[in-house]
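Here it is, the structure, as structure tokens.
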């Protein structure tokens, strides 16, 4: 029986593959974490084949036979929607397709992911879900290239693994993702959303404003740490500005430390946000 679980995170400019070994009892061990400079921006452009070759080569180098794939597309469109709990999956997707016609210019060119909100009360007849639309071309292009070489068990937006992180802890997780194009804030518990906010940005300089706006929300009543991730949070000056401006404990998201995972490799490659998401995806695939 193969005890290795692989996950591939395709970020905007980098792709990271991690391997988790479940052979020994207890928590899985991280046995590999490798990256290549190829991401969804290049994969969406005219010279996409060069980036595809880099990703395929990385998977081959790590002897990946089966993997979970998550990606951060250049653009995506979130929508909170309410569904009848009696609907089967086909009916849920049909409702999503209808809502896509109200939101998007070319709805037929998009696919959607669903992320569940925590249901309150549990026996409610309706349930809120986060519906996220993104173009079909990117995952289709990727899967067509990988299919002859690697079994892709699942391909989804990167948000799902980050939400599922809270299913491995006893506490609620508050996560703020800071990118030049948007700020995302999510609170999750038990692998389900409790709060979600998406701020698209016209000016990258607005990242700090909207991040602080969310961090100051109910900050006096909330003593739980906030986990930071995203491109901007790799900038020390950016994170120091946040820490100096709010009275909350801010930590860089590190699934290895958060979940007390063991690693057989240097910690340096694990510090990149794409590695954290890849680890989250591998855990989600292992226990889903």
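What follows draws every value from the coordinates through simple rules; no lab data is involved. Computed from a predicted model, the values in this text were never measured in an experiment. Methodologically, a virtual Cβ is constructed for each residue, glycine included, from the backbone with ideal geometry; neighbour enumeration extends over all protein chains shown.
Given the conditions (1) free of Cβ contacts under 8 Å to residues at least 60 places away in the same chain; (2) under 20 Å from the mean Cα position of the chain (by Cα); (3) more than 13 Å from residue 135 (Cα to Cα), which single one is not true for residue 110?
(3)
Here's a follow-up. Give just the number: which of (1) under 23 Å from residue 285 (Cα atoms); (2) touching a strand residue (DSSP E or B) at 6+ places or on another chain (Cβ under 6 Å); (3) assigned to a strand (DSSP E or B) does residue 197 not satisfy?
Condition (1) is where residue 197 drops out.
When you scan the stretch 244-270, how many residues do you find that are part of a helix (DSSP H, G or I) and either surrounded by 13 or more Cβ atoms within 10 Å (Cβ to Cβ) or touching a helix residue (DSSP H, G or I) at 6+ places or on another chain (Cβ under 6 Å) (or both)? Before the answer, list the steps.
From the stretch 244-270, those part of a helix (DSSP H, G or I) are 244-245, 255-258, 268-270; that's our starting set.
Filter once more, so that each one left must be either surrounded by 13 or more Cβ atoms within 10 Å (Cβ to Cβ) or touching a helix residue (DSSP H, G or I) at 6+ places or on another chain (Cβ under 6 Å) (or both): 245, 255-256, 258, 269-270.
Counting residues in the stretch 244-270 that are part of a helix (DSSP H, G or I) and either surrounded by 13 or more Cβ atoms within 10 Å (Cβ to Cβ) or touching a helix residue (DSSP H, G or I) at 6+ places or on another chain (Cβ under 6 Å) (or both) gives 6.
The conditions are (1) surrounded by 18 or more Cβ atoms within 10 Å (Cβ to Cβ); (2) touching a strand residue (DSSP E or B) at 6+ places or on another chain (Cβ under 9 Å); (3) closer than 26 Å to residue 258 by Cα, and residue 23 fails exactly one of them. Which is it?
(1)
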